[in-house]
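Colleague: Pasting a structure below so you can have a look.
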Amino acid sequence: MKIYLVGGAVRDQIMGLSIKDKDYVVVGSTTEEMVKLGFKPVGKDFPVFLHPKTHYEYALARTERKVSKGYKGFKVYASKEVTLEEDLERRDLTINAIAKDKRGQFIDPFNGVGDIKKRILRHVSPAFVEDPIRVLRIARFSARFHQFKIHPKTQSILKKIIKNKELEVVASERVWHEISVGLLENKSHIMFDVLHECGALKVLIPEINYVKNKTHIKRSLEYANKFKYSEDLKAASFFMYLYSSNGSAKDIEKIYSRLSVPSSVKKLTEKLAHNLTELRQFKKLKPRQILDLIYKMDLFRNPDVLIDVINLLNAYNQGQISKQKSAVSTLRALQKYLKHLNKLNLGLISQNRTNVDIKTSIYEERLSVLKKLI
């Protein structure tokens, strides 16, 4: 049995980056032997084990053979006879196909170290075309390693995968997982550039006019990255441009469903998109319009969402050619108004009134408070 450190941990070590997770490949062993040594089996599709103490993943060396369409259409073969080089050959990019033995020596049969030095993202073998997920992976790797360029031959294979309609059969949850990981990168807009250039974005989100909005999206996402926005906020910063692409509500709903976009992202994006005009013109609003906006945004029941909506507005404003001013003053004003409005004794207002009267009375009392404040 021989054990090698592989994948991202080796790549990041060579690049001088911090290592988050470690994955190992085991050559010359079997499932029975690993279990006897105390490793816990966790793999469903192929033999993967957790180390009894470190809980790092150890996978038996394996090969894969394409047997049907889609990213799940592979038959995995793992045995003591599979070599390290055969295992590395099934990986996606040369920079991810480097191993390191216990003596600290690198095993690099596909010149991944050379591609790291040249800053090239290159496929390991022609089998790259068989897995449509790799389109998404190379897009997010491009966002992470934004100094790297995709090799022309690899770019051609990406386009071939799209032409073969392989990406269309990938589960929406898996698509969203890859996109959401890419959104966390500091240059997340590059992920969408890559998806656009190979034709994948036209498959995933045909409703968005990416050529028209490319610069706007870049500026919005760069702003979101600068202020370390959450994953939901970054996703919403992108999806705001579905609304500016004149997509119908029905079309936009299809996109959310097609990509398995979390409801938290959908609700946040809609909260701004449906109230964008009022929030941008907030200083011109009259007291009744401000109160109606508070009701429409449901801020009495969910006041915490206001900060996220204003942050999203600032990112969206940043993306526009004619920049709007920061909406911080709008945030502070609404927070101030909510603070005073929430001091009202709603129970006292509700006494001796019907349900209809209660709602009207509460509304009028709140309006009266707003008029005094403004």
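Colleague: Picking from ASP308, ASP298, which residue would you name as being in contact with a Lys or Arg (Cβ under 9 Å, 6 or more places away or on another chain) and part of a loop (DSSP other than H, G, I, E, B)?
Modeller: None of the others qualify; the one that does is ASP298.
Colleague: Of the conditions (1) closer than 24 Å to SER172 by Cβ; (2) of a type in the set (A, V, I, L, M, F, W, C); (3) buried (at least 17 other Cβ atoms within 10 Å of the Cβ), ALA249 clears all except one; give me its number.
Modeller: Only one criterion is unmet by ALA249, namely (3).
Colleague: Looking at (1) modelled with pLDDT under 90; (2) assigned to a helix (DSSP H, G or I), which is the one condition that is false for LYS72?
Modeller: Every condition holds for LYS72 apart from (2).
Colleague: Just to verify a result, which residue in segment 200-246, among those that are crowded, with 17+ Cβ neighbours inside 10 Å and assigned to a loop (DSSP other than H, G, I, E, B), is modelled with the highest pLDDT?
Modeller: Ranking the candidates gives TYR229 first.
Colleague: On to the next question. So how many residues does segment 185-199 have that are within 19 Å of ASP232 (Cα to Cα), buried (at least 17 other Cβ atoms within 10 Å of the Cβ), out of contact with any Leu (no Cβ under 7 Å at 6 or more places or on another chain) and not basic (Lys, Arg)?
Modeller: Of the residues in that region, 3 qualify.
Colleague: Please return the ranges of helices (runs of 4 or more DSSP H) entirely within segment 312-373 where 2 or more residues are β-branched (Val, Ile, Thr), surrounded by 14 or more Cβ atoms within 10 Å (Cβ to Cβ) and at pLDDT 85 or above.
Modeller: Fully inside segment 312-373 and qualifying: 355-373.
Colleague: What number of residues within segment 160-170 are in contact (Cβ under 8 Å) with a residue 40 or more places away in the chain and either outside any helix (DSSP H, G or I) or surrounded by 15 or more Cβ atoms within 10 Å (Cβ to Cβ) (or both)?
Modeller: So the count comes out to 3.
Colleague: If you check LYS202, LYS296, LYS214, which single one turns out to be of a type in the set (Lys, Arg) and over 29 Å from LYS159 (Cβ atoms)?
Modeller: LYS296
Colleague: May I pose another question? Give me a count of the residues in segment 1-51 that are more than 22 Å from TYR77 (Cβ to Cβ), touching a residue at least 60 places away in the same chain (Cβ under 8 Å) and either more than 25 Å from the chain's Cα centre (by Cα) or outside any helix (DSSP H, G or I) (or both).
Modeller: Residues flagged as more than 22 Å from TYR77 (Cβ to Cβ), touching a residue at least 60 places away in the same chain (Cβ under 8 Å) and either more than 25 Å from the chain's Cα centre (by Cα) or outside any helix (DSSP H, G or I) (or both) within segment 1-51 amount to 3.
Colleague: Can I ask one more? Among the residues of segment 212-264, write down those that are of a type in the set (Val, Ile, Thr) and closer than 14 Å to GLY319 by Cα.
Modeller: THR215, ILE217
Colleague: Please work out which one of (1) in a helix (DSSP H, G or I); (2) within 26 Å of the chain's Cα centre (by Cα) is the condition GLY114 fails and give its number.
Modeller: Every listed condition holds for GLY114 apart from (2).
The values are calculated or read from the model by the stated rules, or taken from the named source; none is laboratory data. Computed from a predicted structure; not experimentally measured. Cβ coordinates were reconstructed from backbone atoms using ideal geometry, including for glycine residues, and neighbour counts include every protein chain displayed.
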